[in-house]
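The values are calculated or read from the model by the stated rules, or taken from the named source; none is laboratory data. Everything numeric in this text was worked out from a predicted model, so none of it was measured. What goes into the accessible areas is simple: the full protein's heavy atoms, side chains included, and nothing from ligands, DNA or RNA. Shrake-Rupley method; radii C 1.70, N 1.55, O 1.52, S 1.80 Å.
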Amino acid sequence: MDPLSQARPGRARCRVAPAVLALLQSARQGLAEAAEEGGAGSRYVAAHLAALRAAAAIVAARPEAGKAPKSVWELLPRVEPTLSEWAAFFAAGARKRAAAEAGLARAVSAAEADDLLRDAETFLSLAEDALGVTVQPVLPLRSVG
């Protein structure tokens with residue numbers, strides 16, 4: 001059985017669309033890639049985008065939210081109220097991500113990037129739990145030599 005479709009212990013098994021599972025897988029892979037990034041800005045951007053994919057997975061799994069808001073961070077609290085604080089947190093970091101994407105050297109410190117990576121990992125686990133799926137985390141690949 002595909003590990004993405006397994007229910008977490010204590011949670012009812014649910015059916016999750018392949019597109020939702022693909023977003024979660026992409027988020028997990030993005031976190032692994034973020035962990036490998038050398039630059040703080042690149043690490044911050046990759047971690048933030050991984051969290052964005054996890055939020056998109058939840059919103060995609062619960063389309064009853066409607067289409068009025070402009071951002072997944074605005075939709076997320078409507079479909080999963082328990083993640084409202086996370087949505088506000090990541091929405092607040094969007095400008096910093098944009099600055100880092102634009103190449104502004106002082107946009108993000110190494111500590112901020114590391115903190116966001118940890119926060120995005122936590123958020124992804126909460127998103128998977130909210131959807132009732134469990135995954136085998138992607139192990140970072142380190143080159144030898």
Leaving out ligands and nucleic acids, note down the accessible area per residue over the stretch 83-135 with a 1.4 angstrom probe, in whole Å². 50
Sorted by chain and then number, the residues having a modelled amide H within less than 5 Å of the amide H of T134, at least 5 places away or on another chain, are Q6, R8
